[in-house]
Amino acid sequence: GLLGSAPLYGDRRYYYLTAAGERALGNDPAGQGAARRHGPLSEVAKVRAYGLVAFCCLADRARQRLTAAEFRQHFPAHHRPGLPMGYYADHDSGTLGFARVDAGGQGRWERLVGRVRDDIERHRAIPAFRASIDSGAFELAVVTATERKAERLREPFGECSRASGVPVLVHVVPDLIQLVAPPRG
């Protein structure tokens, strides 16, 4: 009763905490101001969570996905209320990164490029991030499902990287296509 499961894609499933699981960890899932951490994910949240975990854990280079609490603890000067979660630490390079997962969107790659530019501006506006950028210790990653889309994104992100000083990585997670555009049938 502490865990539930839901379909991920195909015959694969993922597991999540139930309200009883939250209570077993000492959290009150119904408490005032409590963040909802139990129950199945929405479809968009599932795509983002899978893309980020696959980028961090299944790539050739391991990265540590940071929870909100870990981000606040290890990067208190960088934390601001309202920042989206999606941060990771690359311990090999000593880099803090932010990953944006492409959830599809009818191939509208130019919108994704605009969002990444907005991400860079938002991070540059925070002094601690600006210092990390200036010292080469901050990067952005875009996780997408197909090599074709990745190829279309690499040139504009290369230009963006040169102009902003923020490296923008493009990473392909082929299994993400199962969540973004599941086969019909």
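Each reported figure results from applying straightforward, stated rules to the coordinates on display, with no laboratory input. Just so it is clear, the structure is predicted and the values come from calculations on it, not from any experiment. Don't worry about glycine lacking a Cβ; one is built from the backbone with ideal geometry, like all the others, and counts go over all protein chains shown.
In the stretch 37-122, the convex hull through the Cα atoms has an average projected area of 6.9 nm², a quarter of its surface area. Per residue of the chain, the DSSP helices (runs of n ≥ 4 H) give a summed -39500 (n - 2.57) that works out to -12000 deg cm²/dmol at 222 nm.
Apply the membrane-span-like helix rule to the chain: whole DSSP H runs, Cα extent along the own long axis of at least 15 Å, mean Kyte-Doolittle hydropathy at least 1.0. List the helices found. Qualifying helices: 43-57. Potential lengthening of the chain between Arg23 and Ala59 amounts to 9.6 nm, from the contour at 0.36 nm per residue minus the alpha-carbon distance. Magnitude of the charge dipole for the stretch 45-185, about its Cα centre and with charges confined to Cβ atoms of Lys, Arg (+1) and Asp, Glu (-1), is about 460 debye. Note on the stretch 71-162: Rg/Rh from C-alpha atoms, Kirkwood Rh, equals 0.97. Ordering Gly104, Val142, Pro76 by Cα displacement along the dipole of the stretch 46-159 toward the positive end leaves Gly104 in first place; charges were set at the Cβ atoms of Lys, Arg (+1) and Asp, Glu (-1). For the stretch 66-185, relative contact order (Cα pairs under 8 Å, six or more residues apart, normalised by length) works out to 24 percent.
Stokes-Einstein diffusion for the stretch 110-185 at 25 °C, viscosity 0.890 mPa s, with a Kirkwood radius from C-alpha pairs, works out to 183 µm²/s.
Against the compact-protein benchmark of 2.2 N^0.38 Å, the Cα-based radius of gyration of the chain scales to 1.09. Model label points for Ser93 and Arg80, set 7 angstrom from Cα along the Cα-to-Cβ axis, are 2.3 nm apart.
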